[in-house]
Amino acid sequence: MSIAQNAKFCILHFAFCIDMIGIFDSGLGGLSVLRAVRSLLPNHDLLYLADSAYCPYGTRPQAEVQARSLACGRWLVERGAAVVVIACNTATSAAADLLRANLPVPVVGMEPGLKPAITATRSGQVAVLATNGTLRGERFARLMERFAGGAQVVTVACPDLVDYVEAGDLTDPQARAAVERYLTPLRAQGVDTIVLGCTHFPFLLPLIADIAGPETVIIDTGYAVAAQVARVAESAGDGPGKRGLHCATTGDPAEVAGSLARVWGQPLPLEHIDL
Ligand code: DGL
């Protein structure tokens, strides 16, 4: 490449990067957060990284989730992200502090919406559906101490629900049977508020809402996270962009692309990266 071409590349690269928001998850679940971010910030470039080769995070040791999260965060920053969003409760629990200490850009994380659930419940019985990693983390223990109050909070690890979303099987009879298995005992014990404490679960919302019944309140923090991203992106000096949406995966793109299209509702171009 000549110097002139190189200079042109740098200018284009800079223009592409200036308002980019980087978002990552272990896999496709973070697309539920991406959807919310896109609706609040329609003029920003979004770069989504699915760490599919290492999905799920929820059953991995904390140190491994930390290493993967740092690798994903660094890659997004190298690609020009001005803000990094950890669109994953498990990765936030394991690695938010690490990313904030090591990345040169603001980092937005997320946690199960226990606080709004405690406000919403009438029966005083709340359930949090999440991964093993999130539920055994110190962050979740602190959340319980701060917000559980007098309510009865049942925690339910649902690792197989992550698998159904990764496979794009959102209406599969087996997915329905799994949701029924989790929710039936909760209904029987009077739970009236369910927290979706994993970003994969909003994609199963039609199933969850149907089985939980219309009287059950379901809490998803995707839009609250997006509102925080909007505040941070504006204070990071981002301007109107080109509304680009770029997706990358560490997994096999041929496999991931099919699930991604089913989860997102339409196919999206997908780049493979080694990380
Ligand atoms: N989507 C993720 C979360 O919010 C994690 C799923 C997984 O990889 O286990 O916790």
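Only the coordinates and a few stated rules stand behind these numbers; no lab work does. Bear in mind that the values here come from a model prediction, so they are computed numbers and not experimental data. Note that each Cβ is placed from the backbone with ideal geometry, even for glycine, and that neighbours are counted across all protein chains shown.
Looking across region 65-80, the residues that are within 16 Å of the ligand (Cβ to nearest atom) and either within 20 Å of Glu166 (Cα to Cα) or in contact with a strand residue (DSSP E or B) (Cβ under 8 Å, 6 or more places away or on another chain) (or both) come down to Val65, Arg68, Ser69, Cys72, Gly73.
Without any contact (Cβ under 8 Å) to a residue 24 or more places away in the chain, part of a helix (DSSP H, G or I) and crowded, with 17+ Cβ neighbours inside 10 Å - does that describe any residue in region 168-183? Yes, that holds for at least one residue.
Mind checking which residues of region 209-224 are part of a helix (DSSP H, G or I), among the aliphatic types (A, V, I, L, M) and within 18 Å of the chain's Cα centre (by Cα)? Selection gives Ala224 alone. Here Ala117 fits the description: in contact (Cβ under 8 Å) with a residue 40 or more places away in the chain, surrounded by 24 or more Cβ atoms within 10 Å (Cβ to Cβ) and away from the ligand (no atom under 15 Å from the Cβ). Only one of the listed residues (Val165, Val153, Val126, Val191) is buried (at least 17 other Cβ atoms within 10 Å of the Cβ), within 16 Å of the ligand (Cβ to nearest atom) and either touching a residue at least 12 places away in the same chain (Cβ under 8 Å) or closer than 23 Å to Leu28 by Cα (or both). That residue is Val165.
Within region 147-156, one or more residues are in a loop (DSSP other than H, G, I, E, B) and aliphatic (A, V, I, L, M). Restricting attention to region 82-107, the residues that are over 19 Å from Leu28 (Cβ atoms), within 17 Å of the chain's Cα centre (by Cα) and not in a helix (DSSP H, G or I) add up to 3. Restricting region 49-81 to residues that are basic (Lys, Arg) and assigned to a loop (DSSP other than H, G, I, E, B) leaves a set whose member that is surrounded by the fewest Cβ atoms within 10 Å (Cβ to Cβ) is Arg79.
Identify all residues within region 21-37 that are more than 13 Å from the ligand (Cβ to nearest atom) and surrounded by 24 or more Cβ atoms within 10 Å (Cβ to Cβ); write none if there are none. Result: Ile21, Gly22, Val37.
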